[in-house]
Every structure is written in C-alpha cells, then in structure tokens.
C-alpha cells in the first residue's frame, strides 16, 4: 500500500499551516507540502490586527511579548492632517514575517502535522496527490499556494470576478520609535505603511499601481517621513511583491478547497490578508469535519465581506485625493466616527453599526 493522509495541504506559508493546524484539531491526519523551506519570507506590512491575533489564539498560537511589538491603532497621515483611531480592546502586533512563519511552523509540528519541505506537488486527481514519483492518497486537498495558485487552476476554480493588481516594496529600519500606531502615509496614488515590529525597529512598505516605484521614490514626496527614516539604519534588503483584489465565483470543487490568497485576495491596504486566512482555517476545518464543503463556501463569503468593502472604499480614496482630504478632515474633526469604523473593521460591532457609521461619515463629508 502507498502513503495516505486525511488532508493534504499544498502550500506551507501561514495560510496553509493554520489550515493544517485547524484540521489537526478536528482529529484529521494532515500533511503539508511546499517547494520552499522555512522560514518563508514575503513582502508585507507585517501588522496583525486584533481579530487576527484572536483567530490565532483560538488555534492555540499565542504570541509572547518578545514576538514583535504592539500597536494600539491606525493613524492616517495626509499632508497636514493626521487622524488616528484606536482599537476597542486589545492591541494589534507587528511581527517580522519570517519570525511569524517560524512560530506557526513550530506549532504545526508540535500538533502532529507532517511537514514536507522542498517538496514540489506536480498534480492530483480525485484521491491522490502526486509529488514527482511519489503518490499520497488523501481524502481532502487544500490549496494554499498563493494568489497565482496552481491548485486553483488544476481544480478549474479560476473563474475570476475581479482582479486588480498593485505593487509593494518593503524594508526594515532600526531607529527610535516615534509611533505606537500603524501609520499610513498617503501620497499620489500610493501609500507608505509604517509598522512597529520591535522595540527599536519598524517595517516600511510602499504600495502603488506603478510597478517601478520603490520606497526611495515614494519617500521623495513624503519629506517628513523621509526625515524620520534617515535617522535609522536599514536592517533588511528591500523586497518586492504584489497585492491585488481577486474574487472567485467558487472556492471549492469536489474534494478540493482553497484558502488564503489562493481563495481570493483583498488589497493590502486593509491589513487583513493573514487575518482572513486564519478565520478561513477554522471554518474550513469545521466543514471538513462534517464532510460539507458547501458550509465553507458560505463561510468564506461571509468572512471576506467586510474586508472587501473596506478595501474598495480605501482604493476609492487612493484614486480621488480631494475626496480623501475631506474624509481625513472628517476623521480628525470627529474622532468617534473613525474609531467606530476601525472597530467594525476588526470585527467589533454589528453590520448595523457599520452601516450607521458609514452613513455618519458620509453626512460629515458632504456637509464639511
């Protein structure tokens, strides 16, 4: 007889690993394969919102005070306007991506997940995953292999509703921290995110629609931020990546389910990429336990709904600077409006509260 497992996860990044951990908690035998080896890095803003940390904790992964650095809210900086909002409960946390991956890998291993690194999956059929010349029989297949997912293509789940790409570059700096928030510095069709990731270290990331824009290019139009970063020493090389808006018509087919960016993306402007994957992992594991992927399909749509709405709203502000200035002034003059919208974004409050906050924001913008 050949090898077998209950659940085979293709992709060993954070999304695949948390899906594997959630499935193990349901009692499944789980195998993860990835062509890379840990720690796997990726260009991202490295901020985990409070709801992301809560989802990790439910899977048994709790970050210690030495893992990264807390931040208490979000500050928008646009010219001379700098409104900020604070989370209603516990803070978020900035964590270097490689450090976070190492923590999740360690937990997956301790849970009994079988980890196959430097292992390339070459295809699958209804009951078998192929690893070159090796075959592993499996009941379920989870695709967690990123926005350009091969699993999605192999499973014929590539029917896209929306696909908008932006480009990101990230670098770390060692310097004295001046902020206890994630700062979003708005420029001409771009944003620079500053996230505290240690007692004396920040992650700075630029996102724009220009594939040639680098962090140095963005900082030339943000002199105040550039002056702060000049006081620090770069502590990593600049690393690039992409972020996109991608919605799929379906994330399940037969015995295959997608999670993380393979199942669709929201622009990184929301800070929600990993948080959505962590929530999806719980819903997917529960669906596997009842042998009903339709439940996961419905849960996946619900989990991503607010983040998608927020991403589309923020991208409108990216495209319309005059409107953005009115919104920023409203946030600065009416802080509770910003606080309520941030609370809704991290899952605190009902849909009715979110709608009410949006209506109040619109009223203030129109009458400003």
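The values are calculated or read from the model by the stated rules, or taken from the named source; none is laboratory data. All of these numbers come straight from a predicted model, not from anything done at the bench. Reconstructed Cβ throughout: ideal geometry from the backbone, glycine too, with neighbour counts over all protein chains shown.
Assorted remarks:
- Residues of region 64-90 that turn out to be in contact (Cβ under 8 Å) with a residue 24 or more places away in the chain, part of a loop (DSSP other than H, G, I, E, B) and more than 17 Å from the chain's Cα centre (by Cα), as a count: 9
- Residue 268 assigned by TED's automatic domain parsing to the domain that holds residue 20, within 30 Å of residue 177 (Cβ to Cβ), touching a strand residue (DSSP E or B) at 6+ places or on another chain (Cβ under 6 Å) and in contact (Cβ under 8 Å) with a residue 12 or more places away in the chain: yes
- Exactly one residue among 132, 146, 159 is over 25 Å from residue 6 (Cα atoms) and either in contact with a helix residue (DSSP H, G or I) (Cβ under 6 Å, 6 or more places away or on another chain) or at pLDDT below 95 (or both), and that residue is 159.
For (1) over 17 Å from the mean Cα position of the chain (by Cα); (2) outside the structural domain of residue 147 (by TED's automatic domain parsing), each residue gets a yes or a no:
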{"position": "221", "(1), (2)": "yes, yes"}
{"position": "229", "(1), (2)": "yes, yes"}
{"position": "264", "(1), (2)": "no, no"}
{"position": "276", "(1), (2)": "no, no"}
{"position": "288", "(1), (2)": "yes, no"}
{"position": "297", "(1), (2)": "yes, no"}
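- Criterion violated by residue 152 - all others in (1) assigned by TED's automatic domain parsing to the domain that holds residue 45; (2) part of a strand (DSSP E or B); (3) in contact with a helix residue (DSSP H, G or I) (Cβ under 6 Å, 6 or more places away or on another chain) satisfied: (2)
- If you check 287, 298 for being within 30 Å of residue 6 (Cβ to Cβ), in contact (Cβ under 8 Å) with a residue 12 or more places away in the chain and assigned to a helix (DSSP H, G or I), only one passes: 287.
- Which listed residue, of 358, 349, is surrounded by fewer than 17 Cβ atoms within 10 Å (Cβ to Cβ), in contact with a helix residue (DSSP H, G or I) (Cβ under 9 Å, 6 or more places away or on another chain), at pLDDT below 65 and not in a helix (DSSP H, G or I): 349
- The sole residue among 55, 90, 43 that is modelled with pLDDT under 95, in contact with a helix residue (DSSP H, G or I) (Cβ under 7 Å, 6 or more places away or on another chain) and buried (at least 17 other Cβ atoms within 10 Å of the Cβ) is 55.
- Output for region 1-28, where each listed residue is in a loop (DSSP other than H, G, I, E, B) and touching a helix residue (DSSP H, G or I) at 6+ places or on another chain (Cβ under 9 Å): 11, 12, 13, 26, 27, 28
- Subset of region 300-312 (residues that are out of contact with any helix residue (DSSP H, G or I) (no Cβ under 7 Å at 6 or more places or on another chain) and either surrounded by fewer than 16 Cβ atoms within 10 Å (Cβ to Cβ) or at pLDDT 90 or above (or both)): 301, 302, 305
- Residue 157 touching a residue at least 12 places away in the same chain (Cβ under 8 Å), under 30 Å from residue 212 (Cα atoms) and assigned to a loop (DSSP other than H, G, I, E, B): no
- Residue in region 201-209 that is under 18 Å from residue 166 (Cα atoms), touching a strand residue (DSSP E or B) at 6+ places or on another chain (Cβ under 7 Å), surrounded by fewer than 21 Cβ atoms within 10 Å (Cβ to Cβ) and free of Cβ contacts under 8 Å to residues at least 60 places away in the same chain present: yes
- Residue ID - modelled with the lowest pLDDT, chosen from residues in region 29-40 that are touching a helix residue (DSSP H, G or I) at 6+ places or on another chain (Cβ under 6 Å) and either buried (at least 24 other Cβ atoms within 10 Å of the Cβ) or over 17 Å from residue 94 (Cβ atoms) (or both): 40
- Criterion violated by residue 253 - all others in (1) closer than 20 Å to residue 15 by Cβ; (2) touching a strand residue (DSSP E or B) at 6+ places or on another chain (Cβ under 6 Å) satisfied: (2)
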